[in-house]
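The structure under discussion appears below in the form of structure tokens.
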Amino acid sequence: TGEAATKPRRKPKATAAAPAQPAEDSQVFGGPAQVNHKFQTGLSIMPGTGYRLIVRYKEGQYCGDSSGITGKPLCANYVPVFLDFQLAFGVGARADIIADLRFGLQSDPAVPGSRQFAVAPGLRFWLDQEVALKFYTTLQFVYDHTDFSNSPGISSSDVGMRNANGVMWDPIRNVGFFVQFGETIGFMRWFRIDLDVGLGAQIRFP
């Protein structure tokens, strides 16, 4: 018992300090990539162009090439270079409300001297959720108000439907880059199918 009383006691080992918790990503602009855009507001810009097919409702109606004069029902020409601006809001992990504004940067070949202007509200659905590289598809209503007043017999208003499919890469939580392929069908002026492609960027808050 005497040896036990004189034996020095061992000091307890110091425990390692717990590492400091990093600030939440939501408080830092440009933090790690976010797996979804829920409750984020996004602004996008996308230039693009494409290919167009038009089936005329009236004989002799000019629609972009000599077909409208020679009597052929089908016209084929390019979609003039455009610039799309998009406002988006993530209402869920897999869905955004979106509204596109399209401004034509070139004269529309269907009616020389006119430039396209269109609005396309709708929804975007994300096919992938827990990854930074995401595929998506959209369902949109289109209202086209290109000024065709210098071409009698062609309405300046057109309505239709649009679908766009693309992939977006988010290197950080507030920025994304995407490539997109879209199809637009219009049926008021004439029956038209636009196939377009664009490359864009998006910034999101918060």
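The values are calculated or read from the model by the stated rules, or taken from the named source; none is laboratory data. As the structure is a computational prediction, the values presented were derived from the model and not from experiment. Note that we place each Cβ from the backbone using ideal geometry, even for glycine, and neighbour counts take in every protein chain shown. The protein model used for the area step is the full one, side chains on, heavy atoms only, and it has no ligands, DNA or RNA in it. Shrake-Rupley method; radii C 1.70, N 1.55, O 1.52, S 1.80 Å.
With every protein chain left in place, what is the accessible area per residue of the range 85-127 in square angstrom, probe 1.4 Å?
Accessible surface, normalised per residue, equals 44 Å².
Work out the FRET efficiency for residue 133 and residue 188 from their Cβ-Cβ distance, taking R0 = 35 Å, and round it to the nearest 0.05.
About 0.40, to the nearest 0.05.
Between residue 91 and residue 49, 0.36 nm times their residue separation minus their Cα-Cα distance comes to what?
Once the chain is fully extended between residue 91 and residue 49, it gains 12.2 nm.
So what are the ³J(HN,Hα) numbers for the range 177-190, from phi and the Karplus equation (6.51, -1.76, 1.60; θ = phi - 60°), rounded to whole Hz, Gly and Pro as x?
After applying 6.51 cos²θ - 1.76 cosθ + 1.60, I find 10, 8, 10, 9, 10, x, 10, 10, 10, x, 8, 8, 5, 7 Hz.
For the range 47-206, build the charge dipole from Cβ charges (+1 Lys, Arg; -1 Asp, Glu) around the Cα centre, then report which of 140, 156, 107 sits farthest towards its positive end.
About the Cα centre, the residue reaching furthest to the positive side is 156.
Quick one: grab the alpha carbon gyration tensor of the range 111-182, order the square roots of its eigenvalues as a ≥ b ≥ c, and give me rounded if a/c is under 1.5, else prolate or oblate depending on whether a/b is larger than b/c.
Since a/c reaches 1.5 and a/b is larger than b/c, the shape of the range 111-182 is classed as prolate.
Counting only the backbone N, which residues of the range 182-206 are under 16 Å from the spot 7 Å out from the Cα of residue 76 toward its beta-carbon?
Residues passing the 16 Å test: 192-196.
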